Structures are given as C-alpha cells and as structure tokens.
Amino acid sequence: MKSKICVMTSVHKPFDVRIFHKQCRTLIRRGYDVTLVAPYEKDEIIDGVKIKAVQKPVNRKQRFIKTGYQVYRRALKINADIYHIHDPELLPYAQLLRLHRKKVIYDMHENLPRDILTKKWIKPKKRKYLSNMVNIVERFLFRGLYIVFAETSYKKDYRWVNNWVDVLNMPDVGYLIGLDTDQKYEPEAIAYVGGVSPDRGSMVMLEAIALLQNKGLKCSFHCIGPADTEHQNELKDKIENMQLNDIYIYGYMVPTQAWEIIRKCHVGMAILKPDPNFLESYPTKLFEYMALGIPVITSNFPLYKEVVERNNCGYCVNPESIHDIADAMEYLLINPIEANMIGANGKKAVIEKYNWEQEANKMLKMYSDLEGEQ
C-alpha cells in the first residue's frame, strides 16, 4: 500500500502548476493518498487530491504569523507518512513534524539568501545582514529533511546538504503538445504568461511594442498573470500615454484558461531582469512556449542561451534594451515561415529533453527511497 502524503503551502494558490498540476496529480496517478493543505475557500476533492483549506492571509505579516501555523495544525491532524512543504516559513513546522517522527521534504522554489538581497520590501541596508542570518538558520532548519531543488543552480550554494534531488519545473508536455496551435490571432500576437512586474519585463515589453506600432507594424500583446494594484495602474497609464492598440492585460488565470489564449499567439516572451535568482533559474514559461511550438524571446543569460541557442528555438536579447527586444519581435512577426521552423525546433526539444515526465521520475524515486527508510 502506498504512503499517505500531505503537501503543505501557506503561500501558493492550491492549483499552483508545480504543486497541484504536476506533483500532486503525479502522486495520485502512482496510487498515493494525497492531501493538499493550502489557503483556499473550502475543503474539496479535485482530481483525487483532497484539498484542506485554511484562511487566506490578508497581508504578508498575517501569512508569516498565522497562516503557517494554521497549515501546520491541519496537516498534523492528517497523520500522513510523508509531508512535502513548499515555503521557507514552514521550515520551523517541518522540525515540529519531525518531533512527531514524520518524514519531511522541503521543496526549495528559490535560493532565499540570494533572493533577500533584491527584496524591495526589505530596506537595502538590512538585506545583507538578513541574508547571512537566513543562511545560518537554514543549516539548522534543514536538519533531517530531504531537500528538493527546483533549479540545478541552487546546489553550489548548498553543498552542505546531504539528502537532495533536483526536480526542475519542466512543462507537462502531454497536455501542452495536445493543444491546437494552428488557429492564430490577427494581427500577429505576442504573449507573456507569469508574474507581471517591471523586473519580469512588463514595462520594456510595452515600450518595445510601442516602437513596432509606431513603425506601422500591427501586433497585439496578450499578458496573463498576477500583478499588484499599484503596478496594474502603472500599466494602464503607460498603455494610455503611449496610445497602444490591441493590448490585453488579463490578470491571473488558471493554467488551462491561460494556454487557450497563449496557443493562439505567435511569439512568447520571457524578458527577466538580471536579478540573482533570475540569472540562475529557468523561467518555466520558456519551456511551455516551446511545448506549444511558439518561438521565444528571452534574456541573454548564459543559462537561457544554452537552451535557446543550442536548440535554435528563439532569440536571446539584452533584457534592458528596448531596441533589441523590438528587433527580435519584429523579425519573428514578419518572417512567419522561419518563425514556424524555430517554434517546431523548440517543441521537438521539449518532447525529447525538457519535460515533466523525466522530472516526475526523479521525484517518484525520492518518495520510493523515503518509503524504504526505517
């Protein structure tokens, strides 16, 4: 009989792509009994995953102080064999679970000490001190845990971790390659999906599109993903001030809705600024665009270039150069035959190499190893 698994998050939405659609559903398909504890409206069962809801936090402070504890209390009552946590603020509760003789996995989505160095809500003078403190505290809180690295680059900063596996956030190829991508928007459409913020290229993409539209090139922009209220207003003002046409800002959508829009676009964007975590982390959207056969334009970081240039599936540009971004957009939009060939290269690479099936096998082996431990 397979083990009872409890997946825990105090930060992510219950239908987060990595947590729910990839990990939880993979475990269900392999016969595990899976419960997901997360901020949500109600308890329910979706695709075999039992969702146990806790109150949604109204701000970051409440999330740290209250939500994490609520997640822990609900999770403990489940009495699972293995607990899989996804947020650094749950690490203290991981150690409490170990006191109850539970096996615990920590899924590291970000290199927190490095990430703190660029957190805007932390005063600049305090960032280095806090980063060093977190590095020290992690050595204690990781004790006895099995660590999942969401990026291979994390390993060089965590050489002291003994029990680990890297499970990259590659796309669920089976779903994406099955979508119809023949029907396309008119005029030619540029796509973005993910968190919407200046450091993820929201402003420079609009400015690049403005250059194209001012030259008389008709194109639309479909932007899907969450943005805070302040940035939503900034985007609205910029669109109005630059008198842009055919700009669609959708906000957050569940993945199945988002890809119904993205599949009809001609170019996929992943223009991230050179922040520490971006430089050494793959943007999942890159591989998702590739799976849909859409040519990509992404930042010219060495990690990204290795994928894009090796597989000839798009162009890497200076993420801070509006002209470089606009030139790449224009080339792909006015050369549809070449763009289709480049998109096909990306799809082939994802089917052969960059897919969730391979990562899922590593995750399942980790679970099998944990089940075998006494």
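The sum of -39500 (n - 2.57) across all DSSP H runs of n ≥ 4, divided by the residue count of the chain, sets its helix-only mean residue ellipticity at 222 nm to -12000 deg cm²/dmol. What shape does region 174-352 take by its C-alpha gyration tensor, where a ≥ b ≥ c are the square roots of the eigenvalues and a/c under 1.5 counts as rounded, a/b above b/c as prolate, and the rest as oblate? Cα axes put region 174-352 in the rounded bin.
Net charge of the neighbourhood of Arg73, taken over other residues with C-beta under 12 Å away and scored Lys/Arg +1, Asp/Glu -1, is +4. Legend: distances between Cα atoms for Lys52/Lys264; Lys126/Lys155; Lys126/Lys362; pairs beyond 30 Å are Lys52/Lys264; Lys126/Lys362. The chymotrypsin sites (Phe, Trp or Tyr not before Pro) of region 135-176 meeting both criteria, a DSSP state outside H, G, I, E and B (loop) and at most 14 other C-beta atoms within 10 angstrom of the site's C-beta, are Trp160. Only one residue of Thr256, Met203, Ile28 has its Cα farthest out toward the positive end of the dipole of the chain, where Lys and Arg carry +1 and Asp and Glu -1 on Cβ, and that residue is Ile28.
The translational diffusion coefficient of region 31-150, from Stokes-Einstein at 10 °C and 1.306 mPa s with a Kirkwood hydrodynamic radius over alpha carbon pairs, comes to 101 µm²/s. Other residues within the sphere of radius under 12 Å centred on the Cβ of Val254, judged by their own Cβ, net out at -1 (K and R +1, D and E -1). Only lysines eight or more places from Lys119 in sequence, or on another chain, were considered; those with a Cα closer than 20 Å are Lys61, Lys128, Lys273. All other residues whose Cβ lies under 13 angstrom from that of Leu211 are scored, Lys and Arg at +1 and Asp and Glu at -1, for a net of -3. In straight-distance terms, cross-link reach from Lys56 covers every one of the lysines whose alpha-carbon lies under 17 Å from its own, apart from those fewer than eight places away in the same chain; here that gives Lys13, Lys42, Lys66. Reducing region 92-147 and region 1-71 to their Cα centroids gives an inter-centroid distance of 20 Å.
Dipole magnitude for the chain: about 1980 debye, using +1 per Lys or Arg Cβ and -1 per Asp or Glu Cβ, origin at the Cα centre.
Rounded to the nearest 20 debye, the dipole magnitude of region 167-253 is 180 debye, with +1 charges on Lys and Arg beta carbons, -1 on Asp and Glu beta carbons, and the Cα centre as origin.
Quick note: the coordinates plus some simple rules give every number you see, no bench work behind them. In this text, all values refer to a predicted model and were calculated from it rather than measured experimentally. Please note: Cβ atoms are built from the backbone with ideal geometry, for glycine as well, and neighbour counts cover all protein chains shown.
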